[in-house]
1. List every residue whose amide H lies under 5 Å from the amide H of F26, counting only residues 5 or more places away in sequence or on a different chain, with H placed 1.01 Å from N in the peptide plane.
2. Just order 147-160, 51-64 by mean Cβ neighbour count inside 10 Å, highest at the front, would you?
3. Hand me the trypsin sites (Lys or Arg not before Pro) from segment 73-170 located in a DSSP loop with no more than 11 other Cβ atoms within 10 Å, in residue order please.
4. In terms of the ratio Rg/(2.2 N^0.38 Å) built on C-alpha atoms, what value belongs to segment 29-169?
5. Could you tell me the relative contact order of segment 23-76? Use alpha-carbon pairs under 8 Å, at least six residues apart, and round to a whole percent.
6. With r defined as the distance between the Cβ atoms of I170 and W19 and R0 fixed at 30 Å, what FRET efficiency is calculated, to the nearest 0.05?
7. In degrees from 0 to 90, rounded to the nearest 10, what is the angle of the helix 59-88 Cα long axis to the longest principal axis of the chain?
8. Given only helices, namely DSSP H runs of n ≥ 4 each adding -39500 (n - 2.57), what is the per-residue ellipticity at 222 nm of the chain, to the nearest 500 deg cm²/dmol?
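Laboratory data are not the source of any read-out in this text; all were calculated from the coordinates shown. The structure displayed is predicted, hence computed values, not measured ones. Backbone-built Cβ (ideal geometry, glycine too); neighbour counts: all protein chains shown.
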Amino acid sequence: MTNSPATIPAPQPKTRTVWAWAIATFFGAGLGKPGPGTYGSVAAMLLWALAGIGFHAGPQLLLILLFTGTFLSIALGVPAATIAARESGRHDPGFVVIDEVAGQWITLLFSPADWRHGLIALVLFRVFDITKPFPVRRLERLPEGWGIVFDDVAAGLYALGVASLLRLWI
């Protein structure tokens with residue numbers, strides 16, 4: 001039996017589920033290099049700043065927007081991260097940053113809409129996201145998108161706690 005050109009199957013292009021990759025990369029923010037997680041966090045913070053500072057959303061509206069955005073980033077982020085990870089063949093790909101978006105928005109909850117508080121929240125979240133204090137790192141063991149997203153949700157909760165304490169003194 002010979003392999004003539006007619007019998008060799010053509011290589012199939014890698015398929016990507018468009019909606020999942022759009023959500024997982026937060027519409028391309030996760031494709032930034034170096035440090036795609038920081039790009040995702042900065043994109044989330046800039047949207048918060050645009051709503052709060054640019055469009056002068058009041059504190060109540062900003063809080064509603066953050067809660068809604070956080071809920072959607074988790075609810076859509078878990079399946080999107082799962083799909084993107086499977087399709088890329090990687091366990092926790094760096095380009096998946098919807099988890100950073102969720103964690104950053106959690107950190108920004110209750111923050112006054114100004115650059116100083118936005119920067120503090122950004123730095124705190126990145127520190128907790130990178131260092132992953134106990135038990136945050138353990139959440140990475142959750143299956144697929146759950147582990148990808150929920151370690152950053154926990155890091156966001158730690159950063160929210162510290163940011164809230166700092167607001168008492170700042």
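1. V97, I98
2. Output ranking for 147-160, 51-64: 147-160, 51-64.
3. Qualifying residues, ordered by number: R141.
4. Values: Rg = 14.4 Å, N = 141, 2.2 N^0.38 = 14.4 Å.
Taking the Cα Rg and dividing by 2.2 N^0.38 Å, one obtains 1.00.
5. It comes to 22 percent, rounded to a whole number.
6. Calculated value: 0.15.
7. 20
8. Only helices count here, giving -21000 deg cm²/dmol.
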